[in-house]
1. At 0.36 nm per residue, minus the direct Cα-Cα distance, what do residue B:287 and residue B:390 gain on full extension? Give it in nm, one decimal, please.
2. Taking Cα centroids, how far is region A:126-195 from region A:40-84 in Å?
3. Given springs between every Cα pair under 10 Å in a Gaussian network model of chain A, which of A:34, A:130, A:206 has the largest fluctuation?
4. Just to verify a number: FRET efficiency for residue B:104 and residue B:28, C-beta to C-beta distance, R0 = 45 Å, to 0.05?
5. Taking a ≥ b ≥ c as the square roots of the eigenvalues of the Cα gyration tensor of region B:176-233, is the shape rounded (a/c under 1.5), prolate (a/b larger than b/c) or oblate?
6. I need the shape label for chain A. Rule: rounded when a/c is under 1.5, else prolate if a/b > b/c, else oblate, with a, b, c from the alpha carbon gyration tensor.
7. Would you kindly give the portion of the calculated P(r) for region A:1-60 that falls above 19 Å, as a percent of all Cα pairs?
8. Assuming a ≥ b ≥ c are the square roots of the Cα gyration tensor eigenvalues, decide whether the protein assembly as shown counts as rounded (a/c under 1.5), prolate (otherwise, with a/b larger than b/c) or oblate.
Ligand SMILES: Nc1ncnc2c1ncn2[C@@H]1O[C@H](COP(=O)(O)OP(=O)(O)OP(=O)(O)O)[C@@H](O)[C@H]1O
Ligand SMILES: [Mg+2]
């Protein structure tokens, strides 16, 4: 039994004019501790898949099991708590909160976790910032950082709550190759050293080859 | 909680323009509505010399009827009736009887120019029920009233006009061509303390007003005010007044007239609501109507502010989506958004409230001038009258309502948006 299981998942986007079949009958099984790349041409449904795995969006049909738990029909409050404890997100364009400094950005997920005191939050956030090598930028605003630094802050935010699964949608898409390599190295560390499960969408073959497994999509269908 | 406050502050700072506009808009609407509230509150608020207003019950008028006929009479009572109905109540601390309306008196000192002033005739208890500030001398007591002594209390301005000084106790003057002695001088009273306002007060036994009676000596020119030990005693006092009325009705049987209470004595608010002496004031309807007016006054700015909150939310869609992705519950998000907006409304409310006090103070004459008034003296207000806990409570209440109205829809929508769309600002 994998930590992530998608069973016959389909996703249809309906707008007034068109219906888009973004995912069609997808079955994916990812084991605990695996580092999986998802590849495929633009518009083939990679982000859609990741959002469904991340419980940010619900499939039109099919089931999603995370860590053996069926997520279908969960209340918003239960889903939120589940995301908070099990999942960490890294986005292509970072999505840091501009009005908060680096430390506050990293502490944010802990705000929504019951029973974590302020001092404890700060301690945990400082520890992960240390890990991504940004202790010296704690009181900077996101706008004062380089793209690579922003993505490292985002990774710190994703792991501060110690989730088992990290979902990264083109984490190096907005970075030059040197900064991209730094970010990739960090992800590999998190996978190897902490045993975190990582699902990453990428367009970069070289990056994908370094991961445990590649899942390819074409037009909403899994091709390999 | 503290963390959320801190983050909210950071948020408000980062949307400085919207925050400033939001605060200004809210402050202005709170300001407007507070001026309306103050216009009403000042008439019931406690301040010297009406500090005891919350404990006072008013029998400004009385009503008499001939049973089983349409004949009725409503208006001020004779001194005799007022004493019988409201004097020396067991359940109350004390009560006072004084003229229902002001009369104009001409005052002169030898060699001086005549001064015309508003005069109120009162009993001795008047000075124990109302807390006038004496600058010199002291009030006249009931003994002086019973003996019809020609003594008077005058206000500061009148003392200056007559004697050129406020230290006028013991000085003599002519009042409507009768000699009077100044017993004491009090600080000027605002016309808004309408029931006890005057320039000169004299024992009610010393002017012809006491003989002004009709309906078999039952009705006349006087009102009564009952001072309760506490407002909790109001019901008991009304009961005793009813008993008194039944007893008095027996003694006046041969006149054919019978007193009916119409729920008197009234609270100050009921007095204000009651336009007519022959209809019992309907406090419920009045309060409901007033709430409707306030709601309308709030809804209009709330709709505008709601638009502002909406654009604030639009700018923050990405942030809201990210917070949701990392485990912020819908309910937590709603709380956070309401909390943030409440900070704006409370700050704005304080500003608006301060503005309204300042405005009312500076433009009191224009604001508080009554269409109908007993006197030609212009209304004056003091800060003591305006800065009332009750008006402040109103202002805070309005802030909460405004916050709910202006944040409700945008915040609810923000909490419902699809997380993926929010993150990608779609
Ligand atoms: N919110 C939406 N409403 C309607 N259609 C959508 C929506 N999101 C995605 N789609 C459509 O679903 C399909 C899959 O989109 P998705 O974003 O998953 O692709 P992707 O593989 O991540 O592409 P890219 O590599 O460009 O990021 C596309 O055809 C897209 O137009
Ligand atoms: Mg994508």
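Please treat every number below as a calculation from the coordinates, not as lab data. Every value quoted in this text rests on a predicted model; they were computed, and no experiment measured them. Every residue, glycine among them, receives a Cβ derived from its backbone with ideal geometry; neighbour counts consider all protein chains shown.
1. Working: separation 103, 0.36 × 103 = 37.08 nm, distance 1.52 nm.
Stretched out fully, the residue B:287 to residue B:390 stretch lengthens by 35.6 nm.
2. Each part reduced to its Cα centre gives a spacing of 23 Å.
3. Among A:34, A:130, A:206, the largest GNM mean-square fluctuation belongs to A:206.
4. Values: r = 43 Å, r/R0 = 0.95.
For R0 = 45 Å, the calculated efficiency reads 0.60.
5. Numbers: a/c = 2.16, a/b = 1.06, b/c = 2.03.
The shape class here is oblate.
6. Numbers: a/c = 1.72, a/b = 1.40, b/c = 1.23.
Prolate is the answer for chain A, as a/c is 1.5 or above and a/b outweighs b/c.
7. On the way: 553 of 1770 pairs.
So the portion of pairs separated by more than 19 Å is 31 percent.
8. Values: a/c = 4.34, a/b = 3.05, b/c = 1.42.
Judged from the Cα gyration tensor, the protein assembly as shown comes out prolate (a/c at least 1.5, a/b above b/c).
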